[in-house]
Amino acid sequence: MNGLNVDTLRGQVRGQIITPGDAGYDAARAVHNGLIDRRPAAVVRVSQVADVIACVNFARENSLDLAVRGGGHSAPGFGTWDGALVIDFVNTSGVRVDPAARTARSEAGATWADFNHATHAFGLATTGGIVGSTGVSGLTLGGGIGYLDRKYGLSCDNLLSADVVLADGTFLTASNSENEDLFWALRGGGGNFGVVTSLEYRLHPVDLVHVGVVIYSVEHAETVARFYREQMDTAPEEFGAFLAFHQGPPVPFLPEEWHGKPVCVVVGMWTGDPAEGPARWQPFLDVAPVAGSMVGPMPYPALNSAFDAMYPKGLLAYWKAAFLPELSDGAIEAHLDFGSRVPSVQTAVHLYPIDGAVHRVGATETAFPNRTAKFSPVIACMWDNPADTEANIAWVRDYASALQPFSEAAGYINFMDKDDLPKVADNYGTNYRRLSEIKAKYDPQNLFHVNQNIPPG
C-alpha cells in the first residue's frame, strides 16, 4: 500500500491507521496465536460504522485482501493476513442493556467479559463461551457453545438482529423481519457475508450460579467419564458441565503435587434453585477420589472468566474439534489414551454438552446445522516453547483421527484450523448449498474470504 493510498484512506476514517514502520505496528498486527506471524498492509482501528464502510470500499476498489478482527481469538489467525487491510474493532467494545426488554446490543469488538460485566449488573446473561477474553461476534457467528447452551441454546440462537456492512459498502440490519436470508446465514455461517458491526441478543435471568470444578487423577478418568455420560443423559438443562482433560493447573484448591500432572476434570454450573446446588455437585465429589475441588456459589461472569489467565496472548496454538452423536465407549477410550498425554498445562481438551435447548432448534432453522450431536469435543493445544511445535501438532492430529470413527462428518467451525478449509462443506452439511447461494447474493466476488470460507455458488 503506497503513501498516497494511505493518505486517501486516512481522509475517510476517524479511527487510527497503523502501517509498517509506524510505532505500534508489531503490536497491532500480533494475533492471539503466537504460532502465526503475519504482516498486513494496514491495521485500521475503526471508531464507528462509517470507518467500516470506508475500509470495505477501499479494500474492494484496490483489490486488497480484507481481514476482520473482533476479539482476536481465531486459532488460524484469520483476524489478520499478509498484505491485507485489517478492520480491527479493538476500540469498539460497548454493550448497551435494555433490562425491561431483556435484550443487549454489543459492538463487534466486545469480549464476553465485556458483555457479561454489562448484563450482570441487571442479573441477566446469554450463552457465551468458556473464556471471557473470547470475542462476542466471532463466537456467535460460528455458533456459540457455552455453559448456558443446554438451558438457553447457542449464542447464535439468542441473536435477535445484527448490523452488517456488505461487500458493496451497503449498511443494513438483518433479523427475522429484515433481510431474513442474511440473518439465517449469520447464525453459524461465520464472517462470510459481511462485516458485522453490532449484535443484539436475547437475555435470560442468570445471576449467582452454583459452580463446580472437580479434579481427579487421570487414573480415575474412565470411571469419571462413564459416570459423566450417565449423569448428562438425565441431568436437568439447568446443569451445564463439561468433561475435560488437562495437566493439573496451578490453582489454590489443587495441591501442588498435582500441578503439571495429567488430570481429568468436570467443570460447570447449576443455574436452577440455588438450594439444590450442593446436591447437584455431590455425586461428582463421590464418584472417585478427588485431587482438588472448588464447589460453591459464584457470579456467572466470574466463572466465565475464571480460566482467562491460563490463555494469555502469544501462546502457540493448534486446534481441532468434532461432534459426537453420543459419548460412546470408543470415544471414551480415545480420550483416555490421548487425554492422559496432554502435552502442556495450557492445553485444554473439553467435551461440551450440546443437547437440551440446542436440539429444539431444527437443523435448517439457522446456518448452524449440528442439532442432533450430544457433545462437541474440542482439542485446544497451546504451548510456549517453539521446540514443541511439531510434536504438539502431531498429537492434536492423531487425537482428532482417533475420535473420527465415533464422530459426525462435521466439526465446530470456531475450533477449525487453517488446514481444515477443505472440510467447510462437511461442516455445514445440508445447509452448505443455501449458504453458498446467499454468499453469491451478498458477496459475489468473495471479498470476505479470510475465514472458514464459503465460496459464492
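Every read-out reported here was derived from the displayed coordinates using simple, explicitly stated rules and does not represent laboratory data. These figures come from a predicted structure and were not determined experimentally. Cβ coordinates were reconstructed from backbone atoms using ideal geometry, including for glycine residues, and neighbour counts include every protein chain displayed.
Quick rundown of the values:
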quantity	calculated
Share of alpha-carbon pairs per 10 Å distance bin for the range 1-147, given as whole %	11, 39, 31, 15, 4, 0
Charge-dipole axis of the chain as Lys and Arg at +1 and Asp and Glu at -1 on Cβ define it, positive-most pick from Tyr412, Gly71, Gly457	Gly457
Whole-number Å³ per residue for the convex hull built on Cα positions in the range 3-88	84 Å³
Estimated distance in nm for a label pair at Arg341 and Arg96, the labels positioned 7 Å out from Cα along Cα-to-Cβ	5.4 nm
Full-stretch length increase - Thr372, Asp426 - with 0.36 nm per residue and alpha-carbon distance subtracted	17.9 nm
Virtual spin-label span in nm between Asp398 and Ala50, 7 Å along Cα→Cβ	5.7 nm
Where labels lie 7 Å past Cα in the beta-carbon direction, separation of Asp388 and Arg10 in nm	4.4 nm
Value at 222 nm in deg cm²/dmol, rounded to 500, when DSSP H runs of n ≥ 4 in the chain each add -39,500 (n - 2.57)	-7500 deg cm²/dmol
Among 74-84, 281-291, the order from most to least packed when residues are scored by Cβ within 10 Å on average	74-84, 281-291
Proximal lysines relative to Lys423, as straight alpha-carbon distance under 28 Å, when same-chain residues fewer than 8 apart are discounted	Lys313, Lys320, Lys374, Lys439, Lys441
Convex hull of Cα atoms in the range 208-420, direction-averaged projection (nm²)	11.9 nm²
Gyration tensor (alpha-carbon) shape descriptor, the range 336-457, a/c threshold 1.5	oblate
Packing-based ranking, highest mean first, of 173-179, 156-162, 109-115 given that Cβ atoms within 10 Å are counted	109-115, 156-162, 173-179
10 °C / 1.306 mPa s Stokes-Einstein diffusion coefficient of the range 160-303, Kirkwood radius on C-alpha pairs, µm²/s	88 µm²/s
Rounded, prolate or oblate (a/c below 1.5 giving rounded, otherwise prolate when a/b exceeds b/c) for the range 108-212 by Cα gyration tensor	prolate
Hull shadow area, averaged, the range 156-236 [alpha-carbon convex hull, nm²]	8.9 nm²
Where Rh is the Kirkwood radius over Cα pairs, Rg/Rh for the range 401-457	1.02
